[in-house]
Every structure is written in structure tokens, then in C-alpha cells.
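The values are calculated or read from the model by the stated rules, or taken from the named source; none is laboratory data. Keep in mind that what you see is a predicted model, and the values were worked out from it rather than measured. Every residue, glycine as well, gets a Cβ built from its backbone with ideal geometry; the counts of neighbours run over all protein chains shown. Side chains included, ligands, DNA and RNA excluded: accessible areas come from the protein's heavy atoms. Shrake-Rupley method; radii C 1.70, N 1.55, O 1.52, S 1.80 Å.
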Amino acid sequence: MPVSVLIDEALLVDVREDKEFAAGHIPGSLNIELNDAFASYVGWVVPFDAPLVLVLPEPVTESAPEAITQLFRIGWQRVSGHLVGGIDAWAGDGRSLRSYPVTGMRELFDAARAGEAPRVLDVRQPAEWRDDGSIPGSTTIFVADVPGRISDLAPDVEHWVVCTTGH
């Protein structure tokens with residue numbers, strides 16, 4: 001089932017942990033961490049039954065069956081394969097990686113208190129905004145709606161993204 005790193009027709013979904021993805025990932029790939037909510041997030045943010053190529057964490061012999069099983073449970077049938085050798089093989093072949101910083105609520109609070117007024121994107125569910133409130137001045141877009149509303153966000157402006165799970 002492995003495919004080459006030339007992935008023209010399939011969406012590249014990186015299922016590694018969020019901090020590992022943030023440290024180095026393939027430009028244009030989508031990070032959906034392989035956990036109990038993996039299939040739900042794929043169903044929310046990826047066009048249904050789009051062909052997927054996965055970037056898997058080690059050991060692949062465990063992560064591949066887990067990811068595929070979760071996808072099949074929601075009716076996904078177009079898993080084209082996985083990136084053989086993962087990120088190391090991609091980078092080792094001279095291909096570029098992207099990265100971004102990961103921080104926490106304490107740092108967000110400190111930045112706001114220092115007057116840096118970071119832009120915050122809150123991707124929790126609408127019921128959570130209603131029941132738990134939101135950070136004053138934040139933009140609220142449910143994670144499943146972000147792909148269709150990405151143009152609502154100021155381009156080339158850093159956004160701090162917050163959600164319930166901490167990812």
C-alpha cells in the first residue's frame with residue numbers, strides 16, 4: 001500500500017502528534033492526530049472519500065491499521081497509502097519542511113497582558129462558546145467550518161489557535 005513521495009492526486013494527512021507535526025511537516029499537509037477522535041476530525045475537515053495518503057508515526061505496523069480501521073468505520077474507502085520512510089525520508093530526499101511554534105495558554109495570557117494583543121482563533125464547538133465563553137476579541141470558527149471560512153482570517157497575520165483539547 002505504500003506510495004512514492006510524489007502525491008499529486010491525494011490529500012496528505014499527517015497523523016503524528018501535534019507537536020511533532022509543528023516541528024517539521026510537509027508543506028500543504030493536514031495534521032489530524034491519530035487518537036480516539038481521528039476519524040471524527042477527518043470527517044469534519046476533509047472532503048468525504050477524497051483519496052488520502054497518510055504520514056504515520058512509528059511503529060507503522062501499529063499506526064497504519066489503527067488509522068485505516070478508524071477511517072473504514074466512518075465509510076472512508078480511499079486510503080491510497082502512506083509515505084514510506086515518513087518525514088525523515090521526505091527531508092532526506094532534499095524536500096522542504098515547514099514548521100511553526102507551539103505555545104500554551106500561559107504564554108497567550110502573558111502576551112495579552114503585555115499589550116501584544118495576539119489574534120486568537122477559537123475552533124471549539126458553538127456550544128462551548130455559549131456555555132464556557134470565549135476570549136474577548138477572539139474569532140470563533142468551529143474547526144469543521146475553518147476550510148470554508150479560511151478567507152475570513154487576515155492573511156499573513158499570525159493567529160493563535162485554541163481548542164478544548166489543547167491541540
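Over all directions, how big on average is the projection of the convex hull of the alpha-carbon atoms in the chain, in square nanometres?
For the chain, the mean projected area of the Cα convex hull comes to 10.8 nm².
Computed on the stretch 106-167, with alpha-carbon pairs under 8 angstrom and 6+ residues apart, the relative contact order is 42 percent. Residue 61 to residue 20: extension gain in nm, 0.36 nm per residue of separation minus the Cα-Cα distance? This chain segment gains 12.9 nm when fully extended.
Entry note, the stretch 1-115: relative contact order of 36 percent, from Cα contacts under 8 Å with a spacing of 6+ residues.
Would you mind finding the longest exposed-site-free stretch of the chain, with exposed trypsin sites (Lys or Arg not before Pro) meaning DSSP loop and at most 15 other Cβ atoms within 10 Å?
Answer - 1-77.
The GNM of the chain, with springs linking C-alpha atoms under 10 angstrom apart, assigns the highest mean-square fluctuation among 110, 145, 156 to 156. Seen from residue 33, the other residues with C-beta closer than 11 Å to its C-beta sum to a net charge of -3, counting Lys and Arg as +1 and Asp and Glu as -1.
If only the Cβ of Lys and Arg carry +1 and only the Cβ of Asp and Glu carry -1, the dipole of the stretch 33-167 around its Cα centre is close to 240 debye. Averaged over its residues, the stretch 1-113 has an accessible area of 57 Å² per residue, based on protein heavy atoms and a 1.4 Å probe. Overall, the accessible surface of the chain at a probe of 1.4 angstrom is composed of carbon and sulfur to the extent of 51 percent.
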